[in-house]
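Every read-out reported here was derived from the displayed coordinates using simple, explicitly stated rules and does not represent laboratory data. Note that this is a predicted model, so its numbers are computed, not measured. For neighbour counting, all protein chains shown are included, and Cβ atoms are generated from backbone atoms with ideal geometry for every residue, glycine included.
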Amino acid sequence: MPKPQPEPIPPDQVLAHALAVVKHDRFPMLASMDGDQPRVRPISPLRTDGFNVYFASLRAYHKTGELAQNPKVELAYMDDRHDQVRITGDAEMVTDPEVRQSIWDDSPLLRQYLGDVHNPQFLLYKVTPTDVRYMQEWALEYYDVPFEDAASSD
């Protein structure tokens, strides 16, 4: 059986392809470090602005301690065609009350489980990308994605 040969993507279309994968995958995988042991789990992004991704954690969760020790993370997205996007970046805790309230207001699930935006267990993180890569299924090589302009393209 011959190896599939994906069509090359013009450079000016890489950003759109990558954003489409991110939009499609509702539960990307978040990789963080627990000392020298990688840990991966699905997350449910609360907001995505280009490739800036906001997600919640609880103060008592193990990943909260992992992120406090090492904020470097990677998010892995995949669509139904097995195209992938990997966002490498830093996770920082969001303390801005307006951003927290806005995301809270947009998330019935948060409100149902935590009851109040001031619940001390509620932590909000933002992953700011340092690198974004896109790969078509079977292409076996990544395209670098120009993520700086992604928010205006979303």
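In order along the stretch 23-31, phi translates into HN-Hα couplings of 5, 6, 7, 7, 10, x, 9, 9, 9 Hz, rounded to whole numbers, per the Karplus curve 6.51 cos²θ - 1.76 cosθ + 1.60 with θ = phi - 60° and x for Gly and Pro.
Taking trypsin sites (Lys or Arg not before Pro) in DSSP loop states with no more than 16 other Cβ atoms inside 10 Å as exposed sites, the chain has its longest site-free stretch at 82-154. Along the chain, the longest continuous region that contains none of the GluC sites (Glu not before Pro) in a DSSP loop with at most 15 other C-beta atoms within 10 Å is 1-136. Each stretch of four or more DSSP H residues adds -39500 (n - 2.57); spread over every residue of the chain, this sum gives -6500 deg cm²/dmol at 222 nm. Each residue, L140 and R39, gets one label point 7 Å from its Cα in the Cβ direction; the gap between the two is 3.5 nm.
Listed by chain and number, the lysines whose alpha-carbon sits under 25 Å from that of K63, ignoring those within fewer than 8 places in the same chain, are K23, K72, K126. Each residue of the stretch 114-121 is assigned a 3J(HN,Hα), and the resulting list reads 10, x, 8, 4, 8, 4, x, 6 Hz, derived from the Karplus form 6.51 cos²θ - 1.76 cosθ + 1.60 (θ = phi - 60°), x at Gly and Pro. Taking amide H as placed 1.01 Å from N in the peptide plane, D83 has its amide H under 5 Å from the amide H of E137, each at least 5 places away in sequence or on another chain.
Among T48, T95, T128, the largest mean-square fluctuation in a Gaussian network model of the chain, built with springs joining Cα atoms closer than 10 Å, belongs to T95. Arranged from fewest to most other beta-carbon atoms within 10 Å of their beta carbon, F27, F55 become F27, F55. For the chain, modelled as a GNM whose springs connect Cα atoms under 10 angstrom apart, the maximal fluctuation among D144, D36, D79 occurs at D36. Between Q112, Q69, Q84, find the one with the highest GNM mean-square fluctuation for the chain; connect C-alpha pairs within less than 10 Å. Its mean-square fluctuation being the largest, the pick is Q112.
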